[in-house]
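The values are calculated or read from the model by the stated rules, or taken from the named source; none is laboratory data. Note that the coordinates shown come from a computational prediction; the quantities given were computed from them, not determined experimentally. Here the Cβ is made from the backbone with ideal geometry for all residues, glycine too, and neighbour counts use every protein chain on show. All accessible areas refer to the heavy atoms of the entire protein, side chains included, with ligands and DNA or RNA removed. Shrake-Rupley method; radii C 1.70, N 1.55, O 1.52, S 1.80 Å.
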Amino acid sequence: MAHLFQVDRVKLLCSCGILKPITAIYLCRHCLKLRCGNCVSHEVDTLFCPNCLENMPSTEARLKKNRCGNCFDCPSCSHTLVTRATSVQTTAPDDPSKTLARKVYYLACTRCRWTSRDVGLKDQTVASGGWGEQDNEHYRFLQSLMEHYRALAQAEKLEREKKRSAHRKSSYLALSDKYSLPSLLGRKSLTPLSPYAPKGDSSQLSEMTPLEASEEVEGLPDNIFTEELILSSVTTMEQRIASPEWQPEDVGQLYPLRKHILPKRSLRCRHCEHNLSKPEYNPSSIKFKIQLGAFYHVPEVRLVRGVVLKSGVETSVQVSLCNPTPHDITLALLPFVPEAYMEAQQKEEGSEGSLVAPGGLVRVVDIPREKPDVELSGDVALPQGTLVLAARDDTAEYDDHDAASTFKDDPQVVAWRRANKVGVNLLVTPHPGAERVRVGLMMRYDYTNTVATATEARIVTLNVPIIIDVGAVSEQG
Ligand SMILES: [Zn+2]
Ligand SMILES: [Zn+2]
Ligand SMILES: [Zn+2]
Ligand SMILES: [Zn+2]
């Protein structure tokens, strides 16, 4: 049986209908709904190089083709290249009979031992910034294409502006440019509301002649049948695609790759527009200003250990529940009925749209809803009644005090209790014929909502649908 991690075993059903592990899901504290990467809007906050951590504005990043100017990746294995220094003997410029030691630098990969010397690149006399760009033979053609599309986009944009002038309602999102308009076309394009097209646009548009496809393709080189093929000197597909402009076929043509820059993203609830995740601006910081990961707000369910399941036989499966919040949580496990859940979702969908008054500041965007994958292949008998999950206490692990005595637990419900964790036994019966057993349950709990604007903590009841992959059914059932 393939080993599955907890994140593959226990999944939460997002409000959009996608199953996600608790580590990949968020809880919007304003809508009180689960949200995942599929149903939030992603915004780029900062662009930075993951190696030197230099951040740059988006216009600069575009000009640099989203690559760092100083850091390189190995063209052979894509690991980060390091600069190595060595000294070479050169003749002194004023006296040819004397030799001088000079420090030079080259790039080397600490993983696969590739160096820039392997491909005959000249050593640099400066430690960084000396490596030039490789010339692309199609540069001019690509540039003219870019120009053409910019002009085209400009024309399209003016057209749009004209149409919009009837009902003047500007949205900053509509200004998002398709072909990097405002930044690259120069400042003149920053006056998009002008109804007059800049001069020269139409001429640029007419310059392009579409390319024609030809039946003839270049033949193979003559030596391909005569020369012995040395596989180690042929580049792999990954190596070729890593530099799409050149696509080197021979390892001798590999050239250091400028490192891709990465974005720091913030996530926004599409329904209420509140941030669900917002990182610190500084690239070297791994902290967040806002982090509403479900991991911090929803009790985590884990399978305690694997069990042997037999078709039609009721088996006890233990799960643990862990409270990540600093408040005690009262929790109940309820049966999850996919049909009833979907019906309730559909009803809610209708009412959700009318929550926000038309003309309000909040822009309601339709959240793409997926058909939930909630095929269950087992029945589960859940413990009746409620249980209390103790608040998370970071000092609890140093404490010998037995938490079990503080809570009057029903032994029918709670199997064990340790600090903010509780073990619960579920009785799982696989459906006949099922190979893997998936059961669903609804976790109902009291969530203490501490939205910053609220003067006091509000307690709301949340229902979180959870699908658990209990395991495979053993053959001899
Ligand atoms: Zn979602
Ligand atoms: Zn860098
Ligand atoms: Zn390498
Ligand atoms: Zn929201």
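Of the residues making up the stretch 279-301, those that are farther than 30 Å from G423 by Cα, away from ligand 2 (no atom under 16 Å from the Cβ) and open to solvent by less than 50 Å² (accessible area, probe 1.4 Å) number 2.
Here is a yes/no grid of residues against (1) among the hydrophobic types (A, V, I, L, M, F, W, C); (2) within 16 Å of ligand 2 (Cβ to nearest atom); (3) out of contact with any Asp or Glu (no Cβ under 6 Å at 6 or more places or on another chain):
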{"position": "I22", "(1), (2), (3)": "yes, no, no"}
{"position": "R29", "(1), (2), (3)": "no, no, yes"}
{"position": "C36", "(1), (2), (3)": "yes, no, yes"}
{"position": "V44", "(1), (2), (3)": "yes, no, yes"}
{"position": "N55", "(1), (2), (3)": "no, yes, yes"}
{"position": "C68", "(1), (2), (3)": "yes, yes, yes"}
{"position": "D73", "(1), (2), (3)": "no, yes, yes"}
{"position": "C77", "(1), (2), (3)": "yes, no, yes"}
{"position": "S87", "(1), (2), (3)": "no, no, yes"}
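For the stretch 13-26, the tally of residues that are of a type in the set (A, V, I, L, M) and crowded, with 23+ Cβ neighbours inside 10 Å stands at 3.
Residue-wise test of (1) outside any loop (DSSP other than H, G, I, E, B); (2) among the small types (G, A, S); (3) modelled with pLDDT of 90 or more.
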site: T330; (1), (2), (3): yes, no, yes
site: A340; (1), (2), (3): yes, yes, no
site: Q345; (1), (2), (3): yes, no, no
site: S351; (1), (2), (3): yes, yes, no
site: A357; (1), (2), (3): no, yes, no
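Annotation: G129 fulfils all but one of (1) closer than 19 Å to Y255 by Cβ; (2) more than 16 Å from ligand 3 (Cβ to nearest atom); (3) free of Cβ contacts under 8 Å to residues at least 40 places away in the same chain; (4) of a type outside the set (S, T, Y); the unmet one is (3).
To keep it simple, each residue is scored yes or no on (1) in contact with a Lys or Arg (Cβ under 7 Å, 6 or more places away or on another chain); (2) modelled with pLDDT under 90.
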{"position": "K65", "(1), (2)": "no, yes"}
{"position": "C68", "(1), (2)": "yes, no"}
{"position": "C77", "(1), (2)": "yes, no"}
{"position": "T83", "(1), (2)": "no, no"}
{"position": "K98", "(1), (2)": "no, yes"}
{"position": "A108", "(1), (2)": "yes, no"}
{"position": "C112", "(1), (2)": "no, no"}
{"position": "D118", "(1), (2)": "no, yes"}
{"position": "K122", "(1), (2)": "no, yes"}
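For the stretch 256-297, which positions are aromatic (F, W, Y) and within 16 Å of ligand 1 (Cβ to nearest atom)? Spell out how you get there, then give the answer.
Of the residues in the stretch 256-297, the ones aromatic (F, W, Y) are 281, 288, 295-296.
Within the stretch 256-297, F295 is the sole residue that qualifies.
For the stretch 1-32, the tally of residues that are at pLDDT below 90 and within 16 Å of ligand 4 (Cβ to nearest atom) stands at 6.
To keep it simple, each residue is scored yes or no on (1) touching a residue at least 40 places away in the same chain (Cβ under 8 Å); (2) closer than 18 Å to R117 by Cα; (3) out of contact with any Gly (no Cβ under 8 Å at 6 or more places or on another chain).
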position: P221; (1), (2), (3): no, no, yes
position: I230; (1), (2), (3): no, no, yes
position: E238; (1), (2), (3): yes, no, yes
position: E245; (1), (2), (3): yes, no, yes
position: L257; (1), (2), (3): yes, yes, yes
position: L262; (1), (2), (3): yes, no, yes
position: C269; (1), (2), (3): yes, no, yes
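Condition check: open to solvent by less than 60 Å² (accessible area, probe 1.4 Å), in a strand (DSSP E or B), touching a strand residue (DSSP E or B) at 6+ places or on another chain (Cβ under 9 Å) and more than 23 Å from C36 (Cα to Cα). Does V317 satisfy that? When the stated conditions are applied, V317 passes them.
Please tell me if G293 is outside the structural domain of L426 (by TED's automatic domain parsing) and in contact (Cβ under 8 Å) with a residue 24 or more places away in the chain. So G293 fits the description; yes. Considering the stretch 56-86, and only residues there that are farther than 28 Å from W114 by Cα and within 21 Å of the chain's Cα centre (by Cα), the residue that is most open to solvent (accessible area, probe 1.4 Å) turns out to be R62. Looking at the stretch 99-114, which of its residues are under 19 Å from D250 (Cβ atoms) and surrounded by fewer than 17 Cβ atoms within 10 Å (Cβ to Cβ)? Once the filter is applied, which keeps residues that are under 19 Å from D250 (Cβ atoms) and surrounded by fewer than 17 Cβ atoms within 10 Å (Cβ to Cβ), the stretch 99-114 yields C112, R113.
Scanning the stretch 369-392 for residues that are open to solvent by 30 Å² or more (accessible area, probe 1.4 Å) and more than 17 Å from E300 (Cα to Cα) yields R369, E370, K371, D373, E375, L376, D379, V380, A381, Q384, G385.
For every residue, the table says whether it meets (1) of a type in the set (F, W, Y); (2) under 20 Å from the mean Cα position of the chain (by Cα); (3) under 30 Å from Q247 (Cβ atoms); (4) away from ligand 1 (no atom under 16 Å from the Cβ).
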position: K11; (1), (2), (3), (4): no, yes, no, no
position: L19; (1), (2), (3), (4): no, yes, no, no
position: A24; (1), (2), (3), (4): no, yes, no, no
position: R35; (1), (2), (3), (4): no, yes, no, no
position: T99; (1), (2), (3), (4): no, no, no, yes
position: A108; (1), (2), (3), (4): no, no, yes, yes
